[in-house]
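Chemist: Here's a structure for you.
The values are calculated or read from the model by the stated rules, or taken from the named source; none is laboratory data. Predicted model only: the values in this text are computed from it and were never measured. All Cβ positions, glycine included, derive from the backbone under ideal geometry; neighbour counts span all protein chains shown. Heavy atoms of the whole protein, side chains included, go into the accessibility calculation; ligands, DNA and RNA do not. Shrake-Rupley method; radii C 1.70, N 1.55, O 1.52, S 1.80 Å.
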Amino acid sequence: MKKTIILILVLGVLGLVLGYLIFGKIGSEYVSIKTIFGSTTKVGAFVNEFTGIAKIKQNIFISGGIGVLLGLIIGFRKAK
């Protein structure tokens with residue numbers, strides 16, 4: 001069980017990193033990590049939606065979720 005949890009965490013973080021590298025660019029520059037993981041106000045949420053940052057955040061978090069799911073599947077398959 002411990003190996004499964006470690007695998008979930010590692011693949012989840014790897015998914016976030018890969019998602020950031022793939023989806024984290026606007027133009028030729030990466031969006032700051034603080035912008036992606038920081039909390040937003042209502043005005044900030046509107047700005048994020050307008051600039052496309054909300055979609056970038058969504059794609060990065062989906063990539064992390066896929067990593068977690070893969071870690072869960074691989075971890076349980078190895079446990080059998």
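Chemist: For the chain, what does -39500 (n - 2.57) per DSSP helix run (n ≥ 4), summed and divided by total residues, give at 222 nm, in deg cm²/dmol to the nearest 500?
Modeler: Here the helix-only value at 222 nm equals -26500 deg cm²/dmol.
Chemist: Can you give me the angle between helix 2-23 and the longest principal axis of the chain, using Cα atoms only, in degrees from 0 to 90, rounded to the nearest 10?
Modeler: Orientation of helix 2-23: about 30 degrees from the principal axis.
Chemist: Can I ask one more? Return one whole number: the accessible area per residue of the chain in Å², for a 1.4 Å probe.
Modeler: Per residue, the chain has an accessible area of 75 Å².
Chemist: With a 1.4 Å probe and all protein chains left in place, how much of the accessible area of the stretch 1-69 comes from carbon and sulfur atoms, in whole percent?
Modeler: That fraction is 73 percent.
Chemist: Suppose each label sits 7 Å from its Cα in the direction of the beta carbon; what would the K2-L72 distance come out to in nanometres?
Modeler: For the pair K2/L72, the computed spacing is 2.3 nm.
Chemist: Determine which lysines satisfy two conditions relative to K25: a Cα distance under 16 Å, and not lying fewer than 8 residues away in the same chain.
Modeler: Partners found: K34, K55, K57.
Chemist: Rg over Rh of the chain, using C-alpha atoms and the Kirkwood radius, what does it come to?
Modeler: My calculation puts Rg/Rh at 1.11.
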